1. Is one or more of the residues making up the range 104-126 among the hydrophobic types (A, V, I, L, M, F, W, C), at pLDDT below 90 and within 17 Å of Leu293 (Cα to Cα)?
2. Could you please let me know if Leu260 is at pLDDT 85 or above and over 17 Å from Ile47 (Cα atoms)?
3. Provide a single number: the residues in the range 291-325 that are surrounded by 13 or more Cβ atoms within 10 Å (Cβ to Cβ), of a type in the set (Val, Ile, Thr) and not in a helix (DSSP H, G or I).
4. When the residues of the range 35-60 are filtered to those that are assigned to a helix (DSSP H, G or I) and in contact with a Lys or Arg (Cβ under 9 Å, 6 or more places away or on another chain), which remaining residue is modelled with the lowest pLDDT?
5. Tell me which residues, restricted to the range 82-110, are part of a loop (DSSP other than H, G, I, E, B) and touching a Phe, Trp or Tyr at 6+ places or on another chain (Cβ under 8 Å).
6. Can you name every residue in the range 126-146 that is free of Cβ contacts under 8 Å to residues at least 40 places away in the same chain and surrounded by 14 or more Cβ atoms within 10 Å (Cβ to Cβ)?
7. In the range 262-277, which residues are farther than 9 Å from Tyr132 by Cα and over 22 Å from the mean Cα position of the chain (by Cα)?
8. So is Ala247 at pLDDT 80 or above, part of a helix (DSSP H, G or I), of a type in the set (A, V, I, L, M) and surrounded by 23 or more Cβ atoms within 10 Å (Cβ to Cβ) or not?
Amino acid sequence: MPGMLETYLLLTVGFVLLVVGGDNLIKGGSRLSSLLGVSPLLIGLGIAAFGTSAPEAAVSIKAALSEYSAVSIGNVLGSNIANIGLAVGLALLLFGIKGNHTKLWKEVLFGFAATLLLLFLCVAPFSRYGEYGLSHTGGHILLFFFAGYLFHLFRMSRSDKKSRRNENLDHIKNRPLEYIKSIAMTLGGIAGVIFGGSFVVDNAVIIAGSWGVSQTLISVTIVALGTSLPEIVVSVIAVRRNHWDMALGNILGSNLFNILFVLGTTAAIKPMIFADFNRLVLPDILIVLSITLILYFIIKQTGKTTYSSAKSRIYGGILLLAYMAYIAFAIMRK
């Protein structure tokens, strides 16, 4: 019993770290965007997205190196589905979307194109060894496009600095301490959500096991959700603080990072072979493509004068239902 008491305590600590870390990440990211003269969207697409994707990177690379390639790609695809279906769906349902965010449509299409590229590389003869998978060549191609994405972010930052004229920017530039505080808050927030997510997953698995919950159910729910907890918490907190651009940027950037960098790096280190591709991998890729198109439709709708917060809550419910349907499908096929 004392051991379980410690488990429950660590689970609580994990949730506290997630909330506090997510709050600091949004605060620090918002201040940093003002200091650098760039939009919160760029912070979400870059720093926040890369930071909150660290759990997926760790799990996927470790799994692939341990000869569990299916686990590696399953974690990435499941995380991307959770990021849109659960994180965006929950944020929409709770708070509704405010403002016109149609400028994000390109970022959504980048995610769609990256998923299509992954599908092509999984079945292309030059990118596999007799079976479906990703060879070194496929990994390097994904990393090449990841470098292109980083260049895109660099161009966005330069464009932002030209178009955004913060009246207080010159004054702030003379205060290096503000930079240090903002960077420390942002990095500290990232560390909080990463370690908090790890504590929650590890201890939730132990608790679920003690209740007699099956390993299958644990793997497709707690573990799959666990690596997406940072994105979920950060996005909900960002929306609560009326930073929809940062929230969506975090989700879209994280999904791109998962496919291009995580899978690209994994395959570049060790070729990945996907056993039972048609049953375990292909359906998830198609679901990622479908749910990304739903998000594209939602983003485009925000530019219409008839669009309302009530409608966005309905779309949030649709995304959540789609995610629950995916979880049910994942449980049944195991």
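1. Yes - at least one qualifying residue is present in the range 104-126.
2. Values: at pLDDT 85 or above: yes; over 17 Å from Ile47 (Cα atoms): no.
Answer is no for this residue.
3. Matching residues across the range 291-325 total 1.
4. So in the range 35-60, the residues assigned to a helix (DSSP H, G or I) come out as 35-36, 40-52, 54-60.
Narrowing the set further to residues that are in contact with a Lys or Arg (Cβ under 9 Å, 6 or more places away or on another chain) leaves 35-36, 41.
Values: Leu35: 73, Leu36: 71, Leu41: 68.
Among residues in the range 35-60 that are assigned to a helix (DSSP H, G or I) and in contact with a Lys or Arg (Cβ under 9 Å, 6 or more places away or on another chain), the one modelled with the lowest pLDDT is Leu41.
5. In the first step, residues of the range 82-110 are kept if they are part of a loop (DSSP other than H, G, I, E, B); the result is 96-101.
Scanning the range 82-110 gives Ile97, Lys98, Gly99, His101.
6. Ser127, Thr137
7. First, pick out the residues of the range 262-277 that are farther than 9 Å from Tyr132 by Cα: 262-271.
If the condition is that a residue be farther than 9 Å from Tyr132 by Cα and over 22 Å from the mean Cα position of the chain (by Cα), then Ile269, Lys270, Pro271 are the ones that fit.
8. Working: at pLDDT 80 or above: yes; part of a helix (DSSP H, G or I): yes; of a type in the set (A, V, I, L, M): yes; surrounded by 23 or more Cβ atoms within 10 Å (Cβ to Cβ): yes.
Here the answer is yes, as Ala247 does meet what is asked.
The values are calculated or read from the model by the stated rules, or taken from the named source; none is laboratory data. Just so we're clear, the structure is a prediction, and the values are computed from it rather than from any experiment. A quick note on method: Cβ atoms are made from the backbone with ideal geometry, for glycine too, and the neighbour counts reach across all protein chains shown.
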